[in-house]
Amino acid sequence: MNRNELEQLAGKVLDAAFEVHRHLGAGLLENAYEMAFCHELAQLGIAFERQKPISVFYKNVQLDCGYRADVLVAGEIFVELKSCDQLLPIHEAQVLNYLKLADKRIGFLINFNVRLLKTGLKRIVNQLTDDDNAKSFFKSSRPSRSSRFNL
């Protein structure tokens with residue numbers, strides 16, 4: 001999916017979230033928002049997966065650690081839904097890690113437990129570039145062993 005198509009999809013994801021918040025407001029459990037959000041995506045004809053398992057690979061071994069993203073939209077955008085007092089840095093780190101592990105570019109962290117939804121939205125990107133034809137957007141930020149040990 002090129003950058004323009006990805007941005008259009010991101011806009012539809014936000015439209016769905018705003019529609020859910022407009023109808024349900026704040027104060028419900030996360031599961032209610034997840035179900036309503038997925039209903040909105042289905043109404044828009046957008047493919048999605050609920051509770052998408054995310055694998056961790058360690059030394060070429062797949063570890064089943066039980067990580068699950070709330071919603072993966074069109075195989076491209078992770079959406080992590082919350083209903084909490086406030087978003088914390090650990091929530092942002094969770095989405096960024098999902099993006100890196102799955103080699104995806106855009107994620108949203110959405111807290112529905114707010115009066116105005118725009119105050120509960122965080123867009124998180126992983127190596128999003130202007131190159132529409134780039135094959136991989138994941139680049140490790142960890143220095144190589146040789147640079148860490150001055151070898």
Legend entry - Residues that are in contact with a Lys or Arg (Cβ under 8 Å, 6 or more places away or on another chain), closer than 15 Å to residue 9 by Cβ and surrounded by fewer than 16 Cβ atoms within 10 Å (Cβ to Cβ), drawn from the range 23-52: 44
Inset, instruction - Kindly indicate whether any position in the range 55-63 is touching a helix residue (DSSP H, G or I) at 6+ places or on another chain (Cβ under 6 Å) and among the aromatic types (Phe, Trp, Tyr). - result: no
Inset, instruction - Give the residue, chosen from 73, 125, that is under 19 Å from residue 3 (Cα atoms) and surrounded by 20 or more Cβ atoms within 10 Å (Cβ to Cβ). - result: 73
Inset, instruction - Kindly list, by first and then second residue, each pair from a residue in the range 87-107 that is at positive phi to a residue that is at pLDDT below 95 and surrounded by fewer than 18 Cβ atoms within 10 Å (Cβ to Cβ), limited to pairs with Cβ atoms under 9 Å and residues at least 6 apart or on different chains. - result: 103/136; 103/137; 103/138
Inset, instruction - Taking the residues in the range 1-14 that are touching a residue at least 24 places away in the same chain (Cβ under 8 Å), more than 19 Å from residue 69 (Cα to Cα) and not basic (Lys, Arg) as candidates, determine which candidate is surrounded by the fewest Cβ atoms within 10 Å (Cβ to Cβ). - result: 4
Legend entry - When residues of the range 108-122 are limited to those that are among the hydrophobic types (A, V, I, L, M, F, W, C) and free of Cβ contacts under 8 Å to residues at least 60 places away in the same chain, the one surrounded by the most Cβ atoms within 10 Å (Cβ to Cβ): 109
Inset, instruction - Scan the range 79-89 and give yes if some residue there is more than 20 Å from residue 119 (Cα to Cα), of a type outside the set (S, T, N, Q) and surrounded by 12 or more Cβ atoms within 10 Å (Cβ to Cβ), otherwise no. - result: no
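The values are calculated or read from the model by the stated rules, or taken from the named source; none is laboratory data. As the structure is a prediction and not an experimental result, all values here were calculated from the model. A quick note on method: Cβ atoms are made from the backbone with ideal geometry, for glycine too, and the neighbour counts reach across all protein chains shown.
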